[in-house]
Amino acid sequence: MKPIFLITSLAFFLIGCASVPTGDIEQGSEPEQGGISEVPNPSPEMAKKSSTSLDKLQRGHAVYMLNCAQCHAYPLPEDLDDAEFTETVPKMVKHAGLATEEGSAVLAYILAVKKL
């Protein structure tokens, strides 16, 4: 009786593992522009060029990555000028229900990316 139970358990386990998604991204599933692969990570160079602390840029990047794509593709900074970002980001932050500090960090991150 035990061997049948073990074989049955092993079969269910293997069947269950076979249906687990691997997380692979389908070819062509990202937009041509504004995909996650185009979003730069904060770096000491970015912090220096923008006169913003690396900690603030990292926080802004994290909030950006976790929240912005819920409504739209990751916008690339070269698509808007600084004044448009400065006016638009607080509205989006409020719409997303984020804290003011998070919005400030996101804006700092976006403006720092533009300076690269």
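Output the residue which, of all residues in region 69-97 that are more than 12 Å from L107 (Cβ to Cβ) and touching a Pro at 6+ places or on another chain (Cβ under 9 Å), is modelled with the lowest pLDDT.
My answer is Y74.
Using the structure shown, decide if V93 is under 21 Å from S37 (Cβ atoms) and among the β-branched types (V, I, T).
no
The values are calculated or read from the model by the stated rules, or taken from the named source; none is laboratory data. Quick caveat: nothing in here was measured; it's all calculated off a predicted structure. Cβ atoms come from the backbone with ideal geometry, glycine included; neighbour counts cover every protein chain shown.
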